[in-house]
Amino acid sequence: MSKPPIYPQLSVSLLFLGSACFIAYGLIGSHLDADGTLREPFALLPIGWALIAAGALIALIGFARTRLRVRSRRRS
């Protein structure tokens, strides 16, 4: 019996976490201090993009592996 692939769960989790970073950025918001310093959770933006890119890449890898397995089974 083979193990179920981890690609779908991992890619959905990463996409969800990336989306959560963007939602958190929007909810936290930004503001100016009295001295004119901008306060914003800027780190959430690149982290969110990196998580979404990683999730999309893992989804593409999982899709490609599935397609290759189907092709090899058809040829056999």
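Computed from backbone phi with θ = phi - 60° and the Karplus coefficients 6.51, -1.76 and 1.60, the 3J(HN,Hα) list for the range 58-74 is 5, 5, 5, 5, x, 5, 5, 5, 5, 4, 5, 5, 5, 5, 5, 6, 5 Hz; x is used for glycine and proline. In whole percent, and with a 1.4 Å probe on the protein chains, what portion of the accessible area of the chain is carbon and sulfur? Of the solvent-accessible surface of the chain, carbon and sulfur hold 68 percent. Accessible-area rank, largest first, for Ser72, Ser2: Ser2, Ser72, with all protein chains present and a 1.4 angstrom probe. Global dimensions of the range 4-50 from alpha-carbon coordinates: Rg and Dmax equal 15.0, 56 Å. Counting heavy atoms of the protein chains alone, Thr66 has an accessible area of about 80 Å² for a 1.4 Å probe. Entry comment: accessible area of the chain is 82 Å² per residue, from protein heavy atoms only and a probe of 1.4 Å. Taking Ala50, Ala24, Ala64 as the candidate residues, the one with maximal mean-square fluctuation in a Gaussian network model of the chain, Cα springs under 10 Å, is Ala64.
Estimated at the nearest 10 Å², the accessible area of Ile52 is 40 Å² with a 1.4 Å probe.
Secondary-structure-derived ellipticity at 222 nm for the chain, considering helices only, amounts to -25500 deg cm²/dmol, per-run term -39500 (n - 2.57) for DSSP H runs with n ≥ 4. Just going by the charge dipole of the chain, with Lys and Arg at +1 and Asp and Glu at -1 on Cβ, which of Phe22, Ser11, Ile47 is farthest out on the positive end? About the Cα centre, the residue reaching furthest to the positive side is Ser11. Per-residue accessible area (protein heavy atoms, 1.4 Å probe) orders Ser11, Ser19 as Ser19, Ser11, starting from the largest.
The chymotrypsin sites (Phe, Trp or Tyr not before Pro) found in the chain that occupy coil by DSSP, while having at most 16 further C-beta atoms within 10 Å, are Phe42.
The values are calculated or read from the model by the stated rules, or taken from the named source; none is laboratory data. Everything quoted here is computed from the prediction, not taken from an experiment. Don't worry about glycine lacking a Cβ; one is built from the backbone with ideal geometry, like all the others, and counts go over all protein chains shown. Areas reflect the complete protein model, heavy atoms only, side chains present, ligands, DNA and RNA absent. Shrake-Rupley method; radii C 1.70, N 1.55, O 1.52, S 1.80 Å.
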